[in-house]
Structure formats: C-alpha cells, structure tokens
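The values are calculated or read from the model by the stated rules, or taken from the named source; none is laboratory data. Model, not experiment: these values are computed from the prediction. Heads up, the Cβs are rebuilt from the backbone with ideal geometry, glycines too, and the neighbour counts pull from every protein chain shown. For accessibility, only protein heavy atoms count, side chains too; no ligands or nucleic acids. Shrake-Rupley method; radii C 1.70, N 1.55, O 1.52, S 1.80 Å.
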Amino acid sequence: MGIQRRSYWLYSIGCAVVWAVILVISAAVGSEDRFHNLLLVFGGFAIAWVSGTIARYVYPPPGRWLGRR
C-alpha cells in the first residue's frame, strides 16, 4: 500500500511540520508567556489528534463492517 495523495498519514506529517515551524518561530520571536500558551494549545491539539486517530481504528467506517456492495 503506497502513500496516496490524500492520505491521513501524509496530512498528519504536514500538520506536524506546520506546528514545528510555528513553535520554533514563536520560541525565537515571541515572549515566554505567549510561547507557554501556544504550547498549551499544541498540547490540546495533540491530545485531540491522537484521540481521533485511535477512534479511526477502533470504530472504522460502516463499509468495513458491512462489506462492499
């Protein structure tokens, strides 16, 4: 199974890269309080992303349960 153009994992990697750039720029330019607040937002995003990823595997779409018709 190759990487598809609209792959969930490719999107995940893209989000990680964007967050890394935002955090690096914020650490270099912003104040310590603003960076701390941004880290809290990132932490919430990461928790939600992991939760959603787990849910995708535990509760797959109905097509996987019912089969293709």
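For the reader, a short list of remarks on this structure follows.
- Residues of region 43-65 include none that is open to solvent by 80 Å² or more (accessible area, probe 1.4 Å), aliphatic (A, V, I, L, M), modelled with pLDDT of 95 or more and more than 14 Å from the chain's Cα centre (by Cα).
- Residues of region 12-35 classified as outside any helix (DSSP H, G or I) and within 18 Å of Ala46 (Cβ to Cβ), total: 0
- Taking every residue in region 41-63 that is of a type outside the set (Asp, Glu) and pairing it with any residue that is modelled with pLDDT of 90 or more and not in a helix (DSSP H, G or I), at least 6 positions away or on another chain, yields no pair with a Cβ-Cβ distance below 7 Å.
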